[in-house]
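Just so it is clear, none of the values below were taken in a lab; they were calculated from the coordinates. Please read these numbers as outputs of a predicted model, since none were measured by experiment. Because the Cβ atoms are built from the backbone with ideal geometry, glycine has one as well, and the counts that use them run over all protein chains shown.
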Amino acid sequence: MATTTEKPIIEAQNLSREYARGPEHVNALSNVSFHVMPGEMTAIVGPSGAGKSTLLHLIGCMDLPTSGSLHIDGVDTAGLKDRQLTRLRRDSVGFVFQQFGLIPTLNVLENVLMPTLFSGRQEAARALQLLEQVGLAHRAKHRPHELSGGEMQRTAIARALINSPRILLADEPTGNLDSASGAEVLQLFKSLNSKGLTVVLVTHNESAAATASRRMTIADGQLVADIRQ
Ligand SMILES: Nc1ncnc2c1ncn2[C@@H]1O[C@H](COP(=O)(O)OP(=O)(O)OP(=O)(O)O)[C@@H](O)[C@H]1O
Ligand SMILES: [Mg+2]
């Protein structure tokens, strides 16, 4: 649980992201400010086109704000060089996508090891331990096409955790799953969160949003509600 002595793990101040679409400018995100404390589980909800993915990409340092400031894990992201941003993205944040993003020619274990490919570290034991944690040790040598959707997403979650990030970001992680697999994946997020992982997930799904301890609503690029539940 967050205590008052802890520092925010995500700190956004007047975060804005403008996109150019031909001659037009789209304010995908306008002056969004919030803090996330370590160990929180936050759901970002809101209508399609509201700016939810834009916000998640900024938090994950996969995109840069047009203006405003963002601190991740105590690091001010403004002015970081590409290499430093890459390191922050690799070490502090794990990302899970709706479409899983697994490499079809690699088996489950190799997919989980992908983010360590260029680190020179031997992480096979950790990858196996993560697969055990997500209930997939028996699938380590299987290819993605041999897995169910839920198993693919659990593989993607293990992959997101291989570099031991403190923050796990997920964009519609249950969007491609049937309700039973979706519930399993949510249970996994919940269990990882109970062990201290900070989780931020974007969702259209009411039961997924209800799993979180906090609900931030984005509409028209603005943070219109922020409720701890
Ligand atoms: N790369 C881009 N170039 C131009 N416009 C963009 C780009 N990415 C997003 N937008 C626009 O920014 C706005 C917010 O998009 P975003 O993808 O963040 O919405 P969202 O809330 O995730 O929607 P959904 O629920 O449909 O995934 C939309 O108007 C979108 O068209
Ligand atoms: Mg989106």
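Potential lengthening of the chain between E18 and D76 amounts to 18.9 nm, from the contour at 0.36 nm per residue minus the alpha-carbon distance. For the chain, the residue among V134, G22, M216 whose Cα projects farthest onto the positive side of the dipole built from Cβ charges is V134.
Assuming R0 = 25 Å, can you tell me the calculated FRET efficiency for the pair K190 and S48, based on Cβ-Cβ distance, to the nearest 0.05? Don't skip to the answer; put the middle values down first.
On the way: r = 26 Å, r/R0 = 1.02.
Given R0 = 25 Å and the Cβ-Cβ separation, E is 0.45.
For the chain, the dipole from Cβ point charges (+1 on Lys and Arg, -1 on Asp and Glu) about the Cα centre works out to 540 debye, to the nearest 20.
Pairs spanning more than 31 Å between alpha-carbon atoms, out of K52/K81; K7/K141; K81/K141; K7/K81: K7/K141; K81/K141. Give the residues of segment 194-229 whose amide nitrogen is closer than 18 Å to a point set 7 Å from the Cα of N31 in the direction of its Cβ. Only 217-226 pass the distance filter.
Using every Cα-Cα pair within the chain, state what percent have a distance larger than 33 Å.
Working: 3973 of 26106 pairs.
Roughly 15 percent, once rounded to a whole number.
Taken as Cα centroids, segment 158-229 and segment 33-57 sit 9 Å apart, rounded to the nearest whole angstrom. When the charge dipole of segment 116-202 is built from unit charges on Cβ atoms (+1 for Lys and Arg, -1 for Asp and Glu) and taken about the Cα centre, the candidate among S179, N163, N193 whose Cα reaches farthest toward its positive end is N163.
Taking a ≥ b ≥ c as the square roots of the eigenvalues of the Cα gyration tensor of segment 1-103, is the shape rounded (a/c under 1.5), prolate (a/b larger than b/c) or oblate? Working shown, then result.
On the way: a/c = 1.37, a/b = 1.33, b/c = 1.03.
Rounded is the answer for segment 1-103, as its axis ratio a/c remains below 1.5.
Considering only DSSP beta bridges where both residues belong to the chain, give the percentage that are antiparallel (nearest 5). Provide the component values of the computation, followed by the final result.
Details: 22 of 39 bridges.
Beta bridges within the chain, antiparallel portion: roughly 55 percent.
On full extension, the segment bounded by L106 and S179 gains 23.6 nm, given 0.36 nm per residue less the C-alpha separation. A crude spin-label estimate for the pair F118 and E146, with each label 7 Å from Cα along the Cβ direction, gives 3.0 nm.
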